[in-house]
1. Using the Cα atoms of the stretch 268-363, I'd like the radius of gyration and the largest Cα-Cα distance, Dmax, both in angstrom.
2. Take the eigenvalues of the Cα gyration tensor for the chain, scale each by 5, and report the square roots as semi-axes in whole Å, largest first.
3. Which whole-number percent gives the relative contact order of the stretch 236-360, counting Cα pairs below 8 Å spaced six or more residues apart?
4. How far is helix 110-139 tilted, in degrees, relative to the longest principal axis of the Cα atoms in the chain, given as a value from 0 to 90 rounded to the nearest 10?
5. Modelling each spin label as a point 7 Å along the Cα-to-Cβ direction, I'd like the LEU153/GLN53 distance in nm, to one decimal.
6. When DSSP assigns beta bridges and you keep just the ones with both residues in the chain, what percent turn out antiparallel, to the nearest 5?
7. Taking a label point 7 Å from the Cα of GLU41 along the Cα→Cβ vector, which residues of the stretch 74-110 have an amide N closer than 18 Å to it?
8. How much net charge surrounds SER139 when only other residues with a Cβ under 15 Å from its Cβ are counted (Lys, Arg +1; Asp, Glu -1)?
Amino acid sequence: MNKKTFKLSLTSLLIGLTACQQAPKGNLQIHGTLPKDFSAEVQYAYLIDDNNQIIDSAEIKNKAFDFDRQADDSLRLASIDVPESYKLPVILEKGKINADFKTGLVYGTALNDAYKEMVANSIASSKRVQKQIDSITQSSVNSTVVDREISKLVYETIKQDKVEIAKYLIKHPNDEVGILILRELLSYEGISRDEVSRWRAMAGEKVLNDPFIKKSYKRYDNEFKTQEGAMFTDFEGLTTDGEPTRLNNYAGKGKYILLDFWASWCGPCRYQLPKLKEIYKQYQTKGLEIIGVAVSDKLADHQRAVKEEKLEWTQIVSENDTISNLYGIRTIPQLILLSPEGTILSRGLNAEELANKLPEYLK
């Protein structure tokens with residue numbers, strides 16, 4: 001073998017080794033690209049499972065990253081998370097997947113392409129609505145008219161969007177696309193009982209057994225069970241002093257009970273406390289008691305907030321979302337008014353609206 005042949009052979013060997021090192025290791029690859037304005041300070045992208053646990057990481061180089069792994073039938077849904085910047089859902093199926101963070105689209109395999117179609121249509125709808133909002137804003141100087149027209153537009157758009165998104169659930173009643181679709185639908189505010197029932201009927205067993213969807217449906221079922229006219233649902237928690245207590249120690253005992261679902265970490269909750277103090281001062285002697293129901297709150301944080309806000313009424317504390325789930329509450333603050341017999345008289349009113357309604361019951 002002459003020197004020239006040897007050099008060629010050595011070069012070929014090195015190229016072959018390099019090719020082997022760069023070849024995909026798994027049957028699932030994800031290539032991510034980031035926008036031009038992406039901050040170079042973030043060095044890694046992560047795959048996050050439904051329990052918010054990191055299952056893989058990839059170094060970001062030149063505003064791009066790659067995951068290379070084996071597909072696992074027990075782990076089909078995840079999110080691609082770029083800390084402090086972007087997060088996109090992805091279906092972990094075999095093949096080459098592209099995650100374009102500029103457009104917000106994930107594609108390249110059958111199920112991801114199907115979900116991409118819905119996402120692309122939703123993005124297009126949002127852009128159309130924003131143009132209409134800009135047009136409404138520029139067409140009138142009357143803020144009342146502008147607010148009314150924008151509210152009407154948003155309401156009609158959300159109503160139509162839910163109809164369009166549900167069509168994808170019909171196409172994918174029993175796969176990961178269907179799971180992502182139903183999760184999306186159940187995240188809307190103000191969903192009606194009819195919509196909840198209709199979407200449940202569209203979905204197959206696999207979709208309905210998704211833990212997030214099961215929890216959402218349980219919450220909605222509880223919300224519908226605790227509407228006006230229903231008897232209160234009892235629950236257990238702790239007093240501000242850390243002692244066990246129950247709602248039925250107070251409700252149905254001959255006084256009107258105002259349940260204030262709140263938390264020490266909730267800004268809007270604490271913002272309405274001065275109004276609740278006014279209500280308490282005005283109606284306590286007429287038969288009204290307020291019970292603060294602190295949800296997903298640490299006892300020590302709750303105790304500190306009660307002291308800071310100088311709250312005088314009874315408190316029931318839960319360090320998780322068990323109590324709020326019993327009433328189907330997804331956001332706080334939330335006020336529920338109970339009759340002296342324990343039936344629900346109203347729910348969903350803010351403090352100002354409640355102040356206007358109380359004279360109907362307390363003279």
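Rule-based calculations on the coordinates, nothing more; no lab input. Please read these numbers as outputs of a predicted model, since none were measured by experiment. A quick note on method: Cβ atoms are made from the backbone with ideal geometry, for glycine too, and the neighbour counts reach across all protein chains shown.
1. For the stretch 268-363, the Cα radius of gyration and maximum Cα-Cα distance read 13.4, 38 Å.
2. 51, 25, 21
3. About 35 percent, as a whole number.
4. It works out to around 60 degrees.
5. 4.6
6. Values: 39 of 56 bridges.
Antiparallel: roughly 70 percent of the beta bridges in the chain.
7. Answer for the stretch 74-110: 82-87.
8. That works out to 0.
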